[in-house]
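Below is one structure, written out as structure tokens; the observations come after it.
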Amino acid sequence: TPTYRIAPSILSADFARLGEEVRSVIDAGADWIHFDVMDNHYVPNLTFGPMICEALRKHAVTSTGTRVPIDVHLMVQPVDSLAQAFCKAGADIVTFHPDASTHVDRTLQLIKAEGCQAGLVFNPATPLDVLEWVIDKVDVVLIMSVNPGFGGQSFIPSALKKIEQARRIIDASGRDIRLEVDGGIKAANIREVAAAGADTFVAGSAIFTQKDYQAAIGAMRAELAR
Ligand code: DX5
Ligand code: ZN
């Protein structure tokens with residue numbers, strides 16, 4: 001069985017207390033911090049930029065001081081300048097939508113050259129076909145199970161088929177690539193999503209709407225262990 005990772009999306013956190021929220025969700029067992037960047041152009045919503053990422057970097061640590069990866073999901077167009085800025089702002093992983101980049105291979109190279117892990121994100125109606133041509137430069141494949149832009153939407157079932165397809169491509173490559181899923185993930189469906197081949201799970205509203213983050217993350221892990 002794979003090493004599962006839970007990546008809480010701070011899109012659903014209390015923006016007035018982001019540093020504390022990052023620490024609480026890490027104390028509650030978060031493996032990665034998922035950081036949703038929206039520009040009101042690629043998606044119809046606006047969140048935060050590299051300065052907020054830099055400010056949060058020092059809070060993304062466990063109680064014993066171990067660094068927790070910041071997983072930056074770029075929903076922006078153009079991609080390149082912000083991708084580089086987020087690497088410099090302390091991101092560990094930077095993912096972007098291939099349809100938002102003019103030169104996908106170049107954008108991946110820019111991210112890797114900054115020392116970050118790089119990933120591609122596929123919307124519900126976007127095929128995986130670019131993956132074949134750049135798989136050697138990809139560390140993360142992120143399958144969207146909602147249309148990007150907002151937290152709290154429902155999981156789109158056709159994502160399961162795409163996760164299965166992505167799993168086959170990753171396994172055939174023989175590379176160590178994370179298969180992440182984003183949108184509508186909760187304890188009630190995480191098992192099914194893992195069975196399709198995902199190993200990394202973004203969850204925003206399912207964690208941050210709960211009083212007890214540890215119980216929320218624990219419920220997901222219990223489902224994965226079942
Ligand atoms: C949507 C974002 C997601 C969002 C997920 O555009 O990419 O990361 O925060 O939120 P939930 O888990 O509530 O669907
Ligand atoms: Zn996201």
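Per this entry, Asn147 is counted among residues that are at pLDDT 95 or above, of a type in the set (S, T, N, Q) and within 16 Å of ligand 2 (Cβ to nearest atom).
Taking Ile111, is it in contact with a strand residue (DSSP E or B) (Cβ under 8 Å, 6 or more places away or on another chain), within 23 Å of Val68 (Cα to Cα) and more than 16 Å from ligand 1 (Cβ to nearest atom)? Against the criterion (in contact with a strand residue (DSSP E or B) (Cβ under 8 Å, 6 or more places away or on another chain), within 23 Å of Val68 (Cα to Cα) and more than 16 Å from ligand 1 (Cβ to nearest atom)), Ile111 qualifies. The residues of region 200-218 that are within 16 Å of ligand 2 (Cβ to nearest atom) and not in a helix (DSSP H, G or I), listed by number, are Thr200, Phe201, Val202, Ala203, Gly204. The single condition among (1) crowded, with 18+ Cβ neighbours inside 10 Å; (2) more than 30 Å from Asn40 (Cβ to Cβ); (3) in contact with a Leu (Cβ under 7 Å, 6 or more places away or on another chain) that Gln165 does not meet is (1).
Each row is one residue, and each column tells you yes or no for (1) at pLDDT below 95; (2) among the hydrophobic types (A, V, I, L, M, F, W, C); (3) over 22 Å from Ile217 (Cβ atoms).
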residue: Thr1; (1), (2), (3): yes, no, no
residue: Tyr4; (1), (2), (3): no, no, no
residue: Ile10; (1), (2), (3): no, yes, no
residue: His34; (1), (2), (3): no, no, no
residue: Leu46; (1), (2), (3): no, yes, yes
residue: Arg67; (1), (2), (3): no, no, no
residue: Leu74; (1), (2), (3): no, yes, yes
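Residues in region 35-93 that are in a loop (DSSP other than H, G, I, E, B) and among the aliphatic types (A, V, I, L, M): 7 in all. Restricting attention to region 2-52, the residues being over 21 Å from Val146 (Cβ atoms), within 16 Å of ligand 2 (Cβ to nearest atom) and free of Cβ contacts under 8 Å to residues at least 12 places away in the same chain number 0. Beta carbons closer than 8 Å, at least 6 apart along the sequence or on distinct chains, pair a first residue in region 160-189 that is closer than 16 Å to Phe122 by Cβ with a second that is small (Gly, Ala, Ser) and part of a helix (DSSP H, G or I) for Leu179/Ala166; Val181/Ala159; Gly183/Ala159; Ile185/Ala206.
Here Ser145, Ser154 are screened, and the one residue that is hydroxyl-bearing (Ser, Thr, Tyr) and either surrounded by fewer than 21 Cβ atoms within 10 Å (Cβ to Cβ) or more than 21 Å from His97 (Cβ to Cβ) (or both) is Ser154.
Here Gln165, Gln214, Gln210 are screened, and the one residue that is among the polar types (S, T, N, Q), more than 24 Å from Leu131 (Cα to Cα) and away from ligand 1 (no atom under 16 Å from the Cβ) is Gln214. Restricting attention to region 1-32, the residues being outside any helix (DSSP H, G or I), over 19 Å from Ile143 (Cβ atoms) and hydrophobic (A, V, I, L, M, F, W, C) number 3.
The values are calculated or read from the model by the stated rules, or taken from the named source; none is laboratory data. What you see is a predicted model, and the numbers here were worked out from it, not measured in a lab. Neighbour counts run over all protein chains shown; Cβ positions are idealised from the backbone, glycine included.
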